[in-house]
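Following: one structure in structure tokens, then a few remarks.
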Amino acid sequence: MSLLAIHELSVDYALGGGSLRAVDSVSLEVERGESVGVVGESGCGKTTLGLAIPLLLPDNATIPQGSIQLNGEELVGLSEEAMRRHRWTDVAFIFQGAMNALNPVQRVDRQIREAIRAHEPTTTKDEADDRVLSLLDLVGIAPSRARSYPHEFSGGMRQRAMIAMSLACQPSLLIADEPTTALDVISQAQILALLASLQRRESLSLLMISHDLAAIKRVCGRLLVMYAGIVVESGPTRLLLGHGIRDAQAAHPYTQALIRSHPDLQGERQLAEGLTGHPPDLSRPMVGCRFADRCPKAEDRCRMIAPVPVTLAPGHLASCHLLEAT
Amino acid sequence: MSESPVLKVTDLVVHFETRRGFRQRTTVRAVDGVSFDISQGEILALVGESGCGKSTIAMSVMRLLEPTSGRIMVEGQDLAALRGRELRRARQRIQMIFQDPFGSLDGRQTVYESVAEPLVVHRLGREEGERRRRVLAALDLAHLRPPERLAANYPHELSGGQRQRVAIASAMVLEPALVIADEPVSMLDVSARAGILRLMMDLRDRTGVSYLFITHELAVAWMVADRLAVLYLGRVVEIGTSPEVVANPAHPYTRALLEVTGGDDELGEGAVLAGETPSASRVPEGCRFHPRCPLYAERGQPEVCRTQDPVLCGVGQAAQAEREHLVACHFPNTDDRGAP
């Protein structure tokens with residue numbers, strides 16, 4: 001049984017009269033100790049997907065269909081009270097800009113201790129203190145800095161502290177949405193290396209959401225590519241992205257365009273064509289392949305019939321008519 | 001030299017005085033002795049992390065900040081010496097594009113009004129027909145087509161990429177000699193980035209405009225810039241043509257940046273440069289990079305790194321070339337020379 005099994009999940013947002021399907025029938029699984037990446041551009045539904053798992057969607061969102069199973073238990077439809085028991089202990093999350101979520105007037109060690117004791121009321125203060133120090137040590141913050149206030153930390157250290165806090169109740173699944181976006185390049189690399197090593201050492205399961213293929217490549221074994229609310233391609237990160245543009249085996253034209261858009265220092269010093277146009281309006285009914293309008297290879301059938309996933313290699317699926325066997 | 005460079009920055013120093021507590025005063029050395037020049041039609045990238053001084057340099061060139069010392073020459077003229085009409089005229093020659101295409105456009109102005117505004121401010125194209133012609137030409141130049149239709153749009157009706165094109169059009173409408181682009185693509189979706197970068201290069205080819213391109217992404221700088229300068233804590237630590245610097249990085253900081261941008265394979269925790277850039281109010285003695293430098297540790301903490309501030313010197317054979325590859329390091333790397 002997978003740790004996390006999402007089956008045909010959809011999420012709608014009500015918007016002044018109409019509605020918009022941000023996530024449309026997405027299925028994904030995360031095994032124990034596995035790290036899975038979700039990549040896509042703004043508006044593709046990746047953040048909505050991440051929020052849906054711990055049932056933290058905004059008030060105007062509904063889940064019209066699908067299931068989310070964590071450790072075999074169905075989360076969709078759980079009451080807030082029931083879900084609260086799973087958050088932090090079973091599933092924890094770090095959101096975009098999380099480092100700004102620390103309470104500015106409380107020392108960092110105290111904030112982590114409170115988090116532990118709020119979720120595990122039987123833990124004594126001394127036990128909690130010991131755990132705080134070992135958590136901070138785990139993320140590379142020296143015990144001497146534990147009693148600092150958040151403003152005394154740099155962005156990278158605050159993000160480390162947030163990671164420590166998210167691990168406070170030993171969750172089996174960590175969801176990280178753009179965990180490095182606001183950081184400097186060196187700090188980004190440090191945080192990604194930290195996540196990768198935590199994932200390996202602590203056999204943590206990780207669902208990382210990012211627009212950055214390079215970040216996903218550093219951390220995640222498997223990759224899902226989202227476009228306009230659906231998963232267009234998924235497979236082993238190594239296979240899809242390769243070592244660079246030259247040996248990347250991504251098959252979907254959108255994934256290929258994304259890969260080309262990332263400058264590759266090992267590749268040619270030449271700008272990619274880039275994509276023209278915009279993703280489709282999700283509040284309108286969809287006909288055909290959602291990428292067809294921007295796809296350089298689109299044919300007539302692409303504009304009329306929605307493609308279904310095709311298996312290209314074990315674990316490698318892509319939804320594109322051009323990949324179907326003729 | 002037959003022609004003076006479009007921009008020549010010599011020994012630029014920008015220090016800020018700040019108070020800590022009641023009595024204590026500290027000096028933030030944001031830019032601490034920076035020199036570079038940009039020729040006509042050239043793209044120079046300033047690459048560095050936050051706090052390295054790259055935006056302060058841009059602000060000084062725009063004369064939005066008064067430098068502590070040093071000289072900034074634009075097309076052979078010292079901006080600091082100009083007053084009144086002459087200063088205004090010189091300022092037309094430098095335009096700026098900002099990071100946030102959502103914040104830099106006025107939401108209540110149409111595209112036409114945004115692009116026409118610089119003309120109004122500089123009292124150019126006073127006749128309505130002339131102004132309209134110039135605005136539409138700038139929109140067309142920025143690939144906002146058809147210009148007549150897009151001119152009537154408001155920013156909220158445009159995508160991020162289109163908004164950045166409007167910002168580029170309003171920079172280009174004055175026909176500047178130099179455009180300062182401060183992180184022009186870092187807020188855009190990856191698929192839109194290439195289009196904007198391509199447009200900027202295309203404009204350079206068609207109008208001969210030069211760019212001072214500010215970015216934290218070494219790979220983007222390498223892609224678009226003819227030359228790049230790597231900044232660390234208010235100093236240029238390495239400068240040279242982009243392919244040369246990326247192929248033969250001589251400074252350990254450049255190498256560290258390259259390692260994390262290279263994107264190949266997972267990095268072990270030990271492989272990433274440790275620690276953080278110190279505050280510009282506490283610049284380390286000697287080489288400012290030495291406390292984090294892997295070479296300093298490897299070489300048994302040589303005294304020279306702690307005591308002497310390295311100056312930019314030529315690297316290898318490039319030292320004789322006209323556009324040199326320069327590095328500020330006591331132990332610059334030259335091992336890779338000739339390697340593929």
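The values are calculated or read from the model by the stated rules, or taken from the named source; none is laboratory data. Because the structure is predicted, anything quoted here is derived from the model rather than measured. Here Cβ is always computed from backbone atoms with ideal geometry, including for glycine, and neighbour counts include all displayed protein chains.
Please go through the range A:199-221 and give me each residue that is within 14 Å of another protein chain (Cβ to nearest Cβ) and buried (at least 21 other Cβ atoms within 10 Å of the Cβ), ordered by number. Explain how you work it out, then say what you get.
Just the residues of the range A:199-221 that are within 14 Å of another protein chain (Cβ to nearest Cβ), to begin with: A:199-202, A:206, A:208, A:210-221.
Residues satisfying the conditions are A:L206, A:M208, A:S210, A:L213, A:A215, A:I216, A:K217, A:R218, A:V219, A:C220.
Inspect all residues belonging to the range A:267-281 and state whether any of them is touching a helix residue (DSSP H, G or I) at 6+ places or on another chain (Cβ under 8 Å), more than 27 Å from A:V23 (Cβ to Cβ) and buried (at least 23 other Cβ atoms within 10 Å of the Cβ).
Yes.
Answer yes or no as to whether A:R269 is within 11 Å of chain B (Cβ to nearest Cβ) and either out of contact with any His (no Cβ under 8 Å at 6 or more places or on another chain) or closer than 25 Å to A:V38 by Cβ (or both).
Yes.
Inspect the range A:298-305 for any residue being more than 8 Å from chain B (Cβ to nearest Cβ) and either in contact with a strand residue (DSSP E or B) (Cβ under 8 Å, 6 or more places away or on another chain) or free of Cβ contacts under 8 Å to residues at least 12 places away in the same chain (or both) and give the result as yes or no.
Within the range A:298-305 (the criterion being more than 8 Å from chain B (Cβ to nearest Cβ) and either in contact with a strand residue (DSSP E or B) (Cβ under 8 Å, 6 or more places away or on another chain) or free of Cβ contacts under 8 Å to residues at least 12 places away in the same chain (or both)), the answer is yes, since at least one residue qualifies.
Which of the strands (runs of 3 or more DSSP E) found entirely inside the range A:34-108 contain at least 1 residues meeting this: free of Cβ contacts under 8 Å to residues at least 40 places away in the same chain, in contact with a His (Cβ under 6 Å, 6 or more places away or on another chain) and farther than 14 Å from A:L207 by Cβ?
none
Can you name the number of the only condition in (1) small (G, A, S); (2) within 10 Å of chain A (Cβ to nearest Cβ); (3) surrounded by fewer than 24 Cβ atoms within 10 Å (Cβ to Cβ) that B:A221 fails?
The single condition B:A221 does not satisfy is (3).
May I ask you to say which residue of A:L192, A:L135 is more than 19 Å from A:N100 (Cβ to Cβ), assigned to a helix (DSSP H, G or I), in contact with a Lys or Arg (Cβ under 6 Å, 6 or more places away or on another chain) and modelled with pLDDT of 90 or more?
After ruling out the rest, the residue left standing is A:L192.
For A:Y254, only one of the following conditions fails: (1) crowded, with 21+ Cβ neighbours inside 10 Å; (2) free of Cβ contacts under 8 Å to residues at least 40 places away in the same chain; (3) touching a Phe, Trp or Tyr at 6+ places or on another chain (Cβ under 7 Å); (4) not charged (D, E, K, R). What is its number?
Against the list (1) crowded, with 21+ Cβ neighbours inside 10 Å; (2) free of Cβ contacts under 8 Å to residues at least 40 places away in the same chain; (3) touching a Phe, Trp or Tyr at 6+ places or on another chain (Cβ under 7 Å); (4) not charged (D, E, K, R), A:Y254 comes up short only on (2).
Residue-wise test of (1) touching a residue at least 24 places away in the same chain (Cβ under 8 Å); (2) among the hydrophobic types (A, V, I, L, M, F, W, C); (3) within 26 Å of B:V6 (Cα to Cα).
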| site | (1), (2), (3) |
| --- | --- |
| B:P146 | no, no, no |
| B:P155 | yes, no, no |
| B:Q164 | yes, no, yes |
| B:M201 | yes, yes, yes |
| B:L212 | yes, yes, yes |
| B:M223 | yes, yes, yes |
| B:N248 | yes, no, no |
| B:Y253 | yes, no, no |
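Taking the stated definitions as given, is B:P147 out of contact with any Leu (no Cβ under 8 Å at 6 or more places or on another chain) and not small (G, A, S)?
no
Please go through (1) part of a loop (DSSP other than H, G, I, E, B); (2) within 14 Å of chain B (Cβ to nearest Cβ) for A:I163 and return the number of the only condition it doesn't satisfy.
(1)
Just the residues that are of a type in the set (S, T, N, Q) and facing chain A (nearest Cβ under 10 Å), please, taken from the range B:272-287.
Hits for the range B:272-287 are B:T277, B:S279.
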